[in-house]
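The values are calculated or read from the model by the stated rules, or taken from the named source; none is laboratory data. The model shown is predicted, which means the values in this text are computed figures rather than measured ones. Cβ coordinates were reconstructed from backbone atoms using ideal geometry, including for glycine residues, and neighbour counts include every protein chain displayed. Surface areas here come from the heavy atoms of the whole protein model, side chains and all, with no ligands, DNA or RNA. Shrake-Rupley method; radii C 1.70, N 1.55, O 1.52, S 1.80 Å.
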Amino acid sequence: HPAPTMLQNYLAYIVRHRSWVIVVTLLVSAFWATRIGHLQVVVDTSQNLPQDHPYVSATKEIEQLFGGRNLVVIGVESVSGDIYQPEMLARVMRITDGVLQIPGVIRSNVISVSARKAKDIKGTGDGMLIRPLLETIPRTADDLARLKRAIADNPIYIDSIVSKDGRMALVIADFTLGPDLPGYRAIKDRVEAVIDRERDPSVNMYLGGISINLAWLEIYSQRMAYYFFVSLAVIMGVLYLSFRSIQGMAIPIVTALLSVVWGLGVMGLLEVPMDAFNVTTPILIMAVAAGHSVQILKRYYEEFARLGDSSAAVVASLTKIGPVMLTAGSIATVSFLTLMVFPTATIRIFGLFTATGILAAMILELTFIPAIRSALPPPSRFEAEREGTRGYVDRLTDTLADLVTAGRWRQLTSAGVVLLLVLLMGIQRLEVDNSIKGSFAEDSLVRLDDNALNAAMGGSNTLYLLVEGPAPDAIKNPAVLKAMEAVQRYLETRHELVGKTQSVVDFLQKMNRALHEDDPAYDRLPEDRDLIAQSLLLYSMSGDPGDLDSYVDYEYR
């Protein structure tokens, strides 16, 4: 009988004071459980990006100047005919007015055929006439034809708020998150409440935009609580089939659940938000903790069968398997902590969260498991015999062992190499993709609505290009405007994925034509800086001050 090791002395101490260990563990777990209420699931796609990247910096500046971060796109499609019908236009107007009443909406960024910022720019003998496209619902055929002609004469609105074939009209809105709209699901619910009042068999309604995509991501993320309990039920079933006892099932499950509580509690204490890509981490922690507990418990049953004493079996089993569990757990913890060096917040949170849960599992494995196992009644003779019965898993591993010991290692190695080659070929088919819409099933409502919007209009994915001058009025420089126009034409003609481009250039071209009595020869940018400034001044006097806020800032910089 060799002298007891330090680990044996420690485990013997835990077994002697098991009541205190169990009480302290439950008290600590209760404390961490109270911190879970501070956790929040925050869907913020910017956290998936390196914050110091130039594209991210430009995006933040664009959002600060122009908004556009939380867009919602509402598609109104006529089932029969086009949208140039009194009832269809009235429906678009009611939806636009309803969206404008939602708290948190950026009113200057709401655009539709009935929005005040959607203007018809026409030339007259005295200069330029600017009026809203749709002030009142047209009732006569002449009025409807006049509206249709006004939209055709202002091509910036074609495929942006009215489809080229006239069957669909859009209402586009932008929102600011705050007390009234704490998340994207709140935006979706408010907008749906507006459009649900307008649904009937004569119209198809579609809902899209980044806010709707993120709202669905938020909804599915919150459903992870249900999937957690589904996973829990699966693990409980596997444990019971393996140990054929309530104790054999309960101890790993309780340990796993406590590990999750500790991990979530630490996150709540640190006020670190969870995101849509980390809500599955509790299932990972539970699986790892349960897997380690199973190994400890299996060794306990073996030692109990050999020694016949529960406390001695606890000490003997953990003495032999404890160093292995510590090594494996430490490697896993440190490995996940290395993710803290990633530049994206979502990966850092995943690494921290998972490492915390695995560390908690290690602590519980060396404290709570030996204490609770020794406190519980030892397995009955029937339970021990049933646990020792060899099942299909044992027979499978015995078969593999027999193949190896029978000299079949060459065949096994050859089969492994073939399998490895096949899997290496599969790696070639992997794709790196960060599409939010790609996270949803093809037959999901969010994908179906997006497909309809993308097919009918200029596109449902928006790319912003920021042009910034060194001083105020820099955008009024003809050279700058011509360069912007060249970029637009290049994108439209050279890139088949680009369905529509818009900028202040489109408005200036229309203004220049209107100031020359709608002569098509002047459907181009003004050549003179003063004429550009004059055109913009006349527009601001005739239109509304915020009509161009989505395209250029107040200082024209």
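Rounded to whole numbers, the Karplus 3J(HN,Hα) couplings from phi for the range 42-52 are 10, 9, 9, 5, 5, 6, 8, 10, x, 5, 8 Hz, using 6.51 cos²θ - 1.76 cosθ + 1.60 with θ = phi - 60°, and x at Gly and Pro. The alpha carbon centroids of the range 387-433 and the range 289-317 are separated by 28 Å. Remark: the range 185-260 carries a charge dipole of roughly 260 debye about the Cα centre, counting +1 on each Lys and Arg Cβ and -1 on each Asp and Glu Cβ. Here the alpha carbons of the range 481-557 define both size measures, Rg and Dmax, at 13.2, 38 Å. Three semi-axes describe the equivalent ellipsoid of the range 313-377; taken as square roots of 5 times the Cα gyration tensor eigenvalues and ordered largest first, they are 31, 12, 5 Å.
Would you mind working out the magnitude of the charge dipole of the range 128-185 relative to its Cα centre, with +1 at each Lys and Arg C-beta and -1 at each Asp and Glu C-beta, to the nearest 20 Debye?
Numbers: 8 positive and 8 negative charges, 35 e Å.
The calculated dipole for the range 128-185 is roughly 160 debye.
Pairwise inverse Cα distances across the range 151-207, averaged and inverted, put the Kirkwood hydrodynamic radius at 13.5 Å. If you split all Cα-Cα distances of the range 58-103 into 5 Å bins from zero, what percentages do you get per bin, shortest first? Per 5 Å bin, starting at zero, the Cα-Cα P(r) for the range 58-103 comes out as 5, 17, 19, 16, 13, 12, 9, 6, 2 percent.
Which percent of the accessible heavy-atom area of the chain goes to carbon and sulfur, probe 1.4 angstrom?
Details: 17840 of 29590 Å².
Heavy-atom surface of the chain belonging to carbon and sulfur, 1.4 Å probe: 60 percent.
What do you get for Rg/Rh of the range 240-306 when both radii come from the Cα atoms and Rh is the Kirkwood radius?
Numbers: Rg = 14.9 Å, Rh = 13.3 Å.
Rg/Rh for the range 240-306 comes to 1.12.
Rounded to the nearest 10 degrees, the angle from helix 210-222 to the longest Cα principal axis of the chain is 20 degrees. A dipole drawn for the chain from +1 and -1 charges on Cβ atoms has a positive end, and of 366, 483, 150 the residue lying farthest that way is 366.
The residue list 48, 85, 38 was ranked by how far each Cα lies along the charge dipole of the range 1-158 toward its positive end, using unit charges on Cβ atoms, and 38 comes out on top. Which FRET efficiency value, to the nearest 0.05, is calculated for residue 149 and residue 87 with the Förster distance at 25 angstrom and r the Cβ-Cβ distance? That gives a FRET efficiency of 0.75.
Contour minus end-to-end for residue 424 and residue 124, with contour as 0.36 nm per residue of separation and end-to-end as the Cα-Cα distance?
On the way: separation 300, 0.36 × 300 = 108.00 nm, distance 6.98 nm.
101.0 nm is the gain from fully extending residue 424 to residue 124.
Here the range 18-77 and the range 115-187 have alpha carbon centers that stand 36 Å from each other. Look at (1) 1.03; (2) 1.36; (3) 1.27: the one that is Cα Rg over 2.2 N^0.38 Å derived from this structure is (2).
Judged by the ratio a/c of the largest to the smallest principal axis of the C-alpha gyration tensor, the range 1-149 counts as prolate, that ratio being 1.5 or greater while a/b is larger than b/c.
Mind giving me the FRET efficiency for residue 432 and residue 401? R0 is 35 Å, r the Cβ-Cβ distance, nearest 0.05 is fine. Don't jump to the answer; show the numbers that get you there.
Working: r = 40 Å, r/R0 = 1.15.
Taking R0 as 35 Å, the efficiency between residue 432 and residue 401 is 0.30.
Along the axis of the charge dipole computed for the chain (Cβ charges of +1 for Lys and Arg, -1 for Asp and Glu, origin at the Cα centre), the listed residues 464, 113, 396 are led at the positive end by 396.
Leaving out ligands and nucleic acids, note down the accessible area per residue over the chain with a 1.4 angstrom probe, in whole Å².
Numbers: 29590 Å² over 557 residues.
Heavy-atom accessible area per residue stands at 53 Å².
If you stretched the chain out fully between residue 48 and residue 5, how much longer would it get, using 0.36 nm times the residue separation minus the C-alpha to C-alpha distance? Intermediate values should be presented prior to the final figure.
Values: separation 43, 0.36 × 43 = 15.48 nm, distance 4.79 nm.
Using 0.36 nm per residue and subtracting the Cα-Cα distance, I get 10.7 nm.
Couplings 3J(HN,Hα) of the range 411-423, computed from phi: 5, 5, 5, 4, 4, x, 5, 4, 4, 4, 5, 4, 5 Hz, in residue order, whole Hz [Karplus 6.51 cos²θ - 1.76 cosθ + 1.60, θ = phi - 60°; x for Gly and Pro]. Listed values for the range 60-72 are Karplus-derived 3J(HN,Hα) couplings in whole Hz (6.51 cos²θ - 1.76 cosθ + 1.60, θ = phi - 60°), namely 4, 5, 4, 5, 5, 7, 10, x, x, 7, 10, 7, 10, and x replaces Gly and Pro. Each DSSP beta bridge with both residues in the range 44-177 is either parallel or antiparallel, and the antiparallel ones are about 95%.
With Cα atoms defining each centre, the range 254-276 and the range 340-364 are spaced 10 Å apart in the structure.
The long axis of helix 224-243 is offset from the longest Cα principal axis of the chain by roughly 20 degrees. With K and R counted +1 and D and E -1, the other residues having a Cβ less than 14 Å from that of residue 477 yield a net charge of -3. Around the Cα centre of the range 269-359, unit charges on the Cβ atoms of Lys, Arg, Asp and Glu (plus for the first two, minus for the last two) sum to a dipole of about 200 debye.
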